[in-house]
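Reviewing the structure listed below.
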Amino acid sequence: MNSSKTTARWAGFHYLMYFVTTIAANEFGRFVFVDATVTVHQMQTHVLEFRIGLLLSLASVVFFLLAAWYLYRLLKPVNKDLALLLLLSNLGGFSIWCLSLLNLAVGQQLLSGADYLKIFQSDQLRALAMVFVNLRRDSAAIAQIPFGIWLLPLGYLVLKSGFLPKILGLLLIADGVGLLIYVTQVVVWPGYGAFTVPFLAVSFVAEASLTLWLLIVGAVEPRPVPVVAH
């Protein structure tokens, strides 16, 4: 059980670092939940801060993958196949997220003022940068498909584990369903972002609660079933 507690706390630590680096990435890069014009302005006027934001965003998704690895180790005894599914789903989201960040790197390159770009007008370069920023937004939304899927086996395994609270499992399953609804809204009804605000709130509560539980409490040893004397 001590080994399970240690694994759970490592999972919680990496999940916490994912939250911290994600928030910091947005503060430096200004490319999460903001209008594309804000991101392009940051690319042009705060080059170093924007690059730090990119680096932090890469770090955040690495921490997220490491959290998934420790959760895989923790929950593998419950169901090995579902634990592998959650790990592979997270890896799929990791890959798409990293590729999405290339769009931001291209956008900043277009605004870098390099000599070979002088054949374009500044307005043209800015418009192209906006295209790549929007591509990053859409590809980041697509990454939520595997990130949403990974929450479903994760929630089920937490629910069945016996050493983590069942309420966390239910919240994580709701989180996974909510993320898939969010992707549908972004792709089909991009102008109705307010519709998914409640789902994003559930997502934050579910994953923040899991993080704090893993980090502070860890895995709790199941209570033995009392034997009734006849």
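Of note:
- Taking the criterion of being surrounded by fewer than 21 Cβ atoms within 10 Å (Cβ to Cβ) and hydrophobic (A, V, I, L, M, F, W, C), the residues of the stretch 6-29 that qualify are Trp10, Phe13, Leu16, Met17, Phe19, Val20, Ile23, Ala24, Phe28.
- Val32 closer than 17 Å to Val131 by Cα and either exposed (fewer than 15 other Cβ atoms within 10 Å of the Cβ) or in contact (Cβ under 8 Å) with a residue 60 or more places away in the chain (or both): no
- In the stretch 90-111 there is no residue that is at pLDDT below 90 and over 30 Å from Gly155 (Cα atoms).
- Test: Asn90 is surrounded by 21 or more Cβ atoms within 10 Å (Cβ to Cβ), at negative phi and either touching a residue at least 40 places away in the same chain (Cβ under 8 Å) or over 14 Å from the mean Cα position of the chain (by Cα) (or both): yes
- Some residue of the stretch 161-179 being closer than 22 Å to Ala59 by Cβ, assigned to a helix (DSSP H, G or I) and either among the aliphatic types (A, V, I, L, M) or under 16 Å from the mean Cα position of the chain (by Cα) (or both): yes
- Any chance Leu154 is in a helix (DSSP H, G or I), hydrophobic (A, V, I, L, M, F, W, C), at pLDDT 95 or above and in contact with a helix residue (DSSP H, G or I) (Cβ under 9 Å, 6 or more places away or on another chain): yes
The values are calculated or read from the model by the stated rules, or taken from the named source; none is laboratory data. Note that the structure is a prediction, hence the values are computed from the model and not measured. When we count neighbours, we look across all protein chains shown, and the Cβ atoms used for this are built from the backbone with ideal geometry, even at glycine.
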